[in-house]
1. Sorted by accessible area (1.4 Å probe), largest first, how do B:Glu242, A:Glu169 line up?
2. Just tell me which aspartates and glutamates come within less than 13 Å, Cα to Cα, of A:Lys35; anything on the same chain fewer than 8 places away is out.
3. What lysines sit close enough to A:Lys282 to cross-link, taking a C-alpha to C-alpha distance under 17 Å and skipping anything fewer than 8 places away on the same chain?
4. What does the net charge come to around B:Val182 if you take all other residues with beta carbon closer than 10 Å to its beta carbon, with K and R at +1 and D and E at -1?
5. Among B:201-213, B:99-111, B:19-31, A:179-191, how do they line up by average Cβ neighbours within 10 Å per residue, starting with the highest?
6. Is the shape of region B:1-80 rounded, prolate or oblate, going by the alpha carbon gyration tensor and its root eigenvalues a ≥ b ≥ c, with a/c under 1.5 for rounded and a/b larger than b/c for prolate?
7. What value, in deg cm²/dmol to 500, does the helix sum -39500 (n - 2.57) over DSSP H runs of n ≥ 4 give at 222 nm once divided by the residues of chain B?
8. Provide the packing ranking of A:235-241, A:107-113, i.e. peptides ordered by the mean count of other C-beta atoms within 10 Å per residue, highest first.
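The values are calculated or read from the model by the stated rules, or taken from the named source; none is laboratory data. Here the structure is a predicted model, which means the values were calculated and not measured. Virtual Cβ from ideal backbone geometry, glycine too; neighbours counted across all protein chains shown. Remember, those area values only see protein heavy atoms, side chains included, never the ligands or the DNA or RNA. Shrake-Rupley method; radii C 1.70, N 1.55, O 1.52, S 1.80 Å.
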Amino acid sequence: MTDLSRSEGRILSNRYRTVQLSESKTVKDGVRMVKDKIEVRNLNLWFADRHILQDLSLSIKSNSVTAIMGPSGCGKTTFIRALNRMNKIIEGSRTTGEVFLDGVNIYSEKINVFELRKRVGMVHQKPNPFPKSIFDNAAYGLRIHNMANGKKLEKDVEQALREAALWDEVKDRLKESALSLSGGQQQRLCIARALAVKPEVILFDEPCSALDPAATAKIEDLIQRLKENYTVVIVTHNLQQAARVSDFVAFLYLGRLIEYGRTKDIFINPKNELTERYITGKFG
Amino acid sequence: MRRIKEKIIEKILLFSATSSILIVFFIIAFMFAEGWSAINLDFIFGLIWHPKTNEFGILPIIVSTIIVGVGAVLIALVIGIPCAIFLAEFAPNWVRNIIKPSVEMLVGIPSIVLGFFGLMLIVPFIRDNLGGRGECILAGWIILSIMTLPHVISISEDAIRAVPNSYREASLTLGATKWQTVRNITLPNAKSGILASLILGMGNAVGETMAVYMVIGNPNIPWIPTSILDSVRVLTSTIVMEYGYMEWGSPHQHALFAIGVVLFILVAIINLMARYAIKRGMIGR
């Protein structure tokens, strides 16, 4: 048996657990570099005695958009919250396994969790700007980490707002409350706030579920552009959205990774019956 | 038949509701009727309170009342706010389940018991270690702060907990530490609730009678205090110590009622301020 067929055999037999992607060095589907940014190995997570994530393993490519999809309650959000260790703040949670960020296990004791969260930013489901001014929102992380002040702070805030495609809409009203913005603008402000501290990975937790179609289109557009400089992981239960924005798709069901691969492959030719039923809308 | 029953029940409920308002109204009306005639500038700003010569100036008493109330609230602030922050943000559940009921039990201690405790322990301690009579402003502060503490802690804790969790999450995911989050996000958003707890505590302290009466000395001729070891009189303690020998219908009686009116207005203003603080906090959110 050749190496290739052996690995294919493994994919077939282990399709309920680990699915490995073949490494490709070629430029394909707009993915420039295909390098593992995050590697998850045998990740398990419990809340009290509920086993939420069961033996998850997958690797997330650098400078790509990876969509995590699956029916509600399958552990999507919990999974991305494991990538910046935000599950740790919930009482009674327990994690085993490893998550490597650039080859370093973020669950090892030496890791400074505050530095980690600076490198792995997050945008939440509902826009949650602080009840402060627009400027103070974007500057929050920079101030917390003492990254900039004075003129440099203003410049960095402007850059973050530009990157989040919000600058032109708010440049004359930076002192106004962030709560005066529309829902879509608030969400882009939250993205700017996350971008300001110059993270490497950005996690999106259903970022459009509270937004109207026009605002959604803007955010999706933005996510597409962000992968130039960042690695993006997005949770979504919207199949069209996953198809539109992502390069890779992971399908989770009841805390297990069912299938993982290039978005095109998964949507056109799912290997697993569950995936097929999900993307054809038979359940979900 | 059923409609008549409905109507009767409705009327009974209406009667209960109005009667409670009427009771309050009658008390206020009676107090004002009895005391209003004694209230004038000499009464409010007069420096000498001497019933035997019909001199009724309550400025020293008002000043003492405010000093005692503010001081007690400041002590409650220094102890209570950190405690509320700890309970709301840092304490694991089991610790909270011990501390919170214990703090709330403080409310249940009758004020006379606290006063007696103050008289037996705090007053001698101050007399022996700091000098003076021992019955003084400082003793009043300590006893009153113990009494206001549970209110300050429980209302501030509620205010801190009411800050939406999404704010905390947002701050933590940006890499802020817990304390940075508390200082920059949680506390500024709970500010008005915390302020309200302090103002309400102030209202409690100003209106409190028995415990404070037992530990602050109550000199026969009140003066404006110059030291926290001075004996003073507050509005409530003045009524308590003099209603026993006042003559009905005398200017003395009207003056005591007038003190009641002043006290009522003072507490009403304080409560209105607290209400305003709470309302402003709601709009801010």
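1. Values: B:Glu242 0, A:Glu169 70 Å².
Final ranking, largest accessible area leading: A:Glu169, B:Glu242.
2. Cross-link targets: A:Glu23, A:Asp102.
3. In chain and number order, the partners are A:Lys271.
4. Numbers: positive: B:Arg168, B:Lys178, B:Arg183; negative: B:Glu89.
Once positives and negatives cancel, what remains is +2.
5. Values: B:201-213: 23.2, B:99-111: 13.0, B:19-31: 11.2, A:179-191: 21.3.
The most tightly packed comes first, giving B:201-213, A:179-191, B:99-111, B:19-31.
6. On the way: a/c = 6.32, a/b = 1.86, b/c = 3.40.
It is oblate, given that a/c is not under 1.5 and a/b is not larger than b/c.
7. Numbers: 13 runs with 204 residues, N = 285.
Helices in chain B give a 222 nm mean residue ellipticity of -23500 deg cm²/dmol.
8. On the way: A:235-241: 18.6, A:107-113: 11.1.
In descending order of packing, they fall as A:235-241, A:107-113.
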